[in-house]
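Student: Can you keep this structure in mind? I'll have questions shortly.
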Amino acid sequence: MFWADRIAKDIQDTRTIDSALLVRDEKTMSGRVHIGSMRGVAIHGIISEVLSEEGVTNEYRFEFNDFDPFDSIPKYLDTKVFSEHLGKPLYAVPSPESGFENYPEYYASEFIEVHRKAGFYPSYYRAYADLYKVGKMNDQIRTALSRAKDIRRVIKEVSGSEKNESWLPVSVVCEKCGKIMTTNAFDYDGKTVAYACEKRTDEIQSCGYKGRISPLDGNAKLFWKADWAAKWPAMGVAIEGGGKDHSTKGGSRDVANHISQEVFSYKPPFDIPYEFFLVGGKKMSSSKGHGSSAKDILDLFPPEVFRLALIGKDIKEQVNFDPEGDSVPRWYDWYDDLAEGVRNGGDDDYARLYALCQLPEARAELRSPWIMRFRDVAFIVQMPHMDLLKEAERAKGSSLSKEEINKIEERAEYARFWLATYAPAQFRYELQETRPAYALSDTQVKACNLLADFIETNERSGEEIHTFLHDLKTEVPIAPKELFTAIYQLFLARDSGPKAGWFLSVLPRDFVATRLRETEKK
């Protein structure tokens, strides 16, 4: 059973479903959102889709957390412009570009674009404007403050972290300087909290103001673990997962679960712990500017292949992606293998995965058109003498449908973008107009001359040339590496290349024969 179907079944088996289920996810908008954050979006989105398929009414809501502090300046922004805003709530930081209400809205707009292109359509809300400021968190704030002692106890028992007796689980927005990161709250009297703007770092200065203020209606924010637990009853959350770093024993989710039950008397949502999405083996940080943004990676794939990258592996498996390696062609191959299985009548978990890779609106009539492999498309678009559609038709062995033509042309655009941005040298080819200065051995010279004779005598298909090369390795005899190195060096000035038989078959016969005979011995 595919992992999303398994989880949907577990949800139905363990939850009393007497109303619509709320599926929730969130992201703090501290900068450009990196590709790793899209795995959570996709996992929650697919669960919502599968539940809907099974007739379970649900709503997928996504929070843009704009109430956390602006604690660091991403490397791609001007420090001089943004340093004065360090320590403020994110919603109070100006947008890097005009046309957006604030900093988090600027980055949220790009992330929403990625969601929609990938076929995920949650309803969006903001932590400050839609929860705290309008009072939807007021009851939970009152409860958390009146039971601060219990929260301190839970944190100590579950995570081992000890808070002093005056510690309160809220961070106040300073009335004087507007910063939230520099304040300490203490002494809740049932209506107000005392606070002091006194915490400092090398980059963030406090103003020293002291006062009392109501913690309600957006004047204060609950600290992370209490905030997480408080949002569940405030919104009625039924399903919410998180990365494995939150889901360890004593971790954030464990603490939040206990606070939810023991302080707010609310059953924690169904958990979906999942592994990381890595880029080049590294976990990303939005605020530090490391890794690749979701938008950048989406530009490499059509929606269905992008969805495969996000949901194709079980949630307990890491996804490791390197756009500068062979991850891009491998993911296209993975998708094409699934599509081929569907064309061949497959009806298994792989066919189910293929179906879920399609956009929801395109899933009713599952289609699996033939398409040329990404590696071959990427090679052809670098060869000015080659006609992509003609080569695709020849590879397919029959004429192309309009849908297949559209898919191949779309794939060519993605291939060109990848070649211009991330593709490693091993995938970049340039047909050499003149013979490269590469000296052949006597054995290579003999093999090249025999190959030239074979190609000159008649029009040869790629399969015929492939068979001849296979036989040639025995006839000359010549080691496979020595033979193919000679071919690739003569035409591409490199030691490797595409399938040699197909490659030679699409070049002009006279050109190939002449080049093969332009031999230069060691």
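Student: From the square roots a ≥ b ≥ c of the eigenvalues of the alpha-carbon gyration tensor of the range 43-187, which class results: rounded (a/c under 1.5), prolate (a/b over b/c), or oblate?
Tutor: oblate
Student: Mind listing which trypsin sites (Lys or Arg not before Pro) in the range 152-195 are in a DSSP loop and have 15 or fewer other Cβ atoms within 10 Å?
Tutor: Sparse-neighbourhood loop trypsin sites (Lys or Arg not before Pro): K176, K191.
Student: Principal axes first, then extents: for the Cα atoms of the chain, list largest minus smallest coordinate on each axis, whole Å, largest first.
Tutor: 97, 53, 42
Student: Here is a follow-up. Work from the charge dipole of the range 367-451 (Cβ charges, +1 for Lys and Arg, -1 for Asp and Glu, about the Cα centre) and give the residue of M386, T443, Y429 farthest towards its positive end.
Tutor: Of M386, T443, Y429, it is T443.
Student: Let me ask another. Which length gain, in nm to one decimal place, applies between T14 and R416 when the Cα-Cα distance is subtracted from 0.36 nm times their residue separation? Let's see the in-between values first.
Tutor: Numbers: separation 402, 0.36 × 402 = 144.72 nm, distance 4.83 nm.
Length gained between T14 and R416: 139.9 nm.
Student: In nm², what is the average projected area of the convex hull enclosing the Cα atoms of the range 391-479?
Tutor: Projected area, direction-averaged: 8.6 nm².
Student: Stretch K163-K191 to full length: gain in nm at 0.36 nm per residue minus the Cα-Cα span?
Tutor: Length difference between fully extended and current span is 7.9 nm.
Student: In the full protein assembly as shown, how much of T421 is accessible to a 1.4 Å probe, in Å² to the nearest 10?
Tutor: In the full protein context, T421 sits at about 60 Å².
Student: Along Cα→Cβ, 7 Å out, is where each label goes; now give me the distance between the ones at S399 and H470 in nm to one decimal.
Tutor: Computed distance between label sites S399 and H470 equals 3.2 nm.
Student: Would you work out the charge dipole size for the chain about its Cα centre, treating the Cβ of every Lys and Arg as +1 and the Cβ of every Asp and Glu as -1, and quote it to the nearest 20 debye?
Tutor: For the chain, the charge dipole is close to 1620 debye.
Student: Roughly how many nanometres apart are two label points built 7 Å out from the Cα toward the Cβ at E430 and E110?
Tutor: 3.1 nm
Student: Given the range 367-522, what count of lysine pairs have C-alpha atoms under 24 Å apart, with each pair 8 or more places apart or on different chains?
Tutor: The number of close lysine pairs in the range 367-522 is 18.
Student: Name the shape class, rounded, prolate or oblate, that the alpha-carbon gyration tensor gives for the range 125-237, where a ≥ b ≥ c are the square roots of its eigenvalues, rounded holds for a/c under 1.5, and otherwise prolate holds if a/b is larger than b/c and oblate otherwise.
Tutor: Working: a/c = 1.57, a/b = 1.17, b/c = 1.34.
Oblate, since a/c reaches 1.5 and b/c is not below a/b.
Student: Moving on to the next point. Express the relative contact order of the range 87-184 as a whole percentage, based on alpha carbon pairs under 8 Å and six or more residues apart in sequence.
Tutor: So the answer I get is 28 percent.
Student: Once both labels are modelled 7 Å past Cα along the beta-carbon direction, what's the E409-K481 spacing in nm?
Tutor: Each label point is offset 7 Å from its Cα along the Cβ direction, giving 4.4 nm.
Student: How would H246, H115, H385, H466 line up by accessible area, probe 1.4 Å, largest first?
Tutor: Values: H246 55, H115 0, H385 80, H466 105 Å².
Ranked list, largest accessible area first: H466, H385, H246, H115.
Student: How much accessible area does D189 have with a 1.4 Å probe, in Å² rounded to the nearest 10?
Tutor: 90 Å²
Student: Rank V93, V342 by accessible area, highest first, at a 1.4 Å probe radius?
Tutor: Numbers: V93 0, V342 30 Å².
From most exposed to least exposed: V342, V93.
Student: For the range 395-437, treating each Cα as an identical point scatterer without solvent, what Debye log10 I(q)/I(0) comes out at q = 0.19, 0.27 1/Å?
Tutor: -0.78, -0.92
Student: OK, next. Does the range 48-122 come out rounded, prolate or oblate, given a ≥ b ≥ c as the square roots of the eigenvalues of its C-alpha gyration tensor, rounded meaning a/c under 1.5 and, failing that, prolate meaning a/b above b/c?
Tutor: It comes out prolate by the Cα gyration axes.
Student: Using the eigenvalues of the Cα gyration tensor, what equivalent ellipsoid semi-axes result for the range 439-522 when each is taken as the square root of five times the eigenvalue, whole Å, largest first?
Tutor: 17, 14, 13
Student: Separate question: For K149, give me every one of the lysines with a C-alpha distance below 19 angstrom, ignoring sequence neighbours fewer than eight places off in its own chain.
Tutor: Straight-distance partners of K149: K163, K191, K221, K225.
Student: Per the chain: cysteines with no other Cys C-beta under 4.7 angstrom?
Tutor: C357, C448
Student: May I pose another question? Can you tell me the Rg and Dmax of the range 1-106, counting just the alpha carbons, in angstroms?
Tutor: My reading of the Cα-based Rg and Dmax gives 18.4, 55 Å.
Student: Assuming 0.36 nm per residue, please report the length gained on full extension of the stretch Y121 to E459 beyond their Cα-Cα distance.
Tutor: Numbers: separation 338, 0.36 × 338 = 121.68 nm, distance 5.30 nm.
Gain in length upon complete extension: 116.4 nm.
Student: Leaving ligands, DNA and RNA out of it, work out the accessible area of E340 with a 1.4 Å probe and give it in Å² to the nearest 10.
Tutor: We get 80 Å² for E340.
Student: Given only helices, namely DSSP H runs of n ≥ 4 each adding -39500 (n - 2.57), what is the per-residue ellipticity at 222 nm of the chain, to the nearest 500 deg cm²/dmol?
Tutor: Computed ellipticity for the chain at 222 nm equals -13000 deg cm²/dmol.
Student: Cut-off under 27 Å on the C-alpha distance; same-chain residues fewer than 8 positions from K9 excluded. Which lysines are left, in chain and number order?
Tutor: Partners within reach: K27, K231, K244, K249, K267, K313, K316.
Student: So which GluC sites (Glu not before Pro) in the range 131-201 are both in a DSSP loop and have at most 12 other Cβ atoms within 10 Å of their Cβ?
Tutor: Those satisfying the criteria are E162, E165.
Student: Which value in Å does the Kirkwood hydrodynamic radius of the range 232-391 take, with 1/r averaged over all unlike C-alpha pairs and then inverted?
Tutor: Values: mean 1/r = 0.0531 Å⁻¹.
Evaluated over the range 232-391, this radius sits at 18.8 Å.
The values are calculated or read from the model by the stated rules, or taken from the named source; none is laboratory data. What you see is a predicted model; the values in this text were computed from it and never measured. We place every Cβ from the backbone using ideal geometry, glycine too, and count neighbours over all the protein chains shown. For the accessible areas, the whole protein counts, side chains as well, though only heavy atoms, and no ligand, DNA or RNA atoms are used. Shrake-Rupley method; radii C 1.70, N 1.55, O 1.52, S 1.80 Å.
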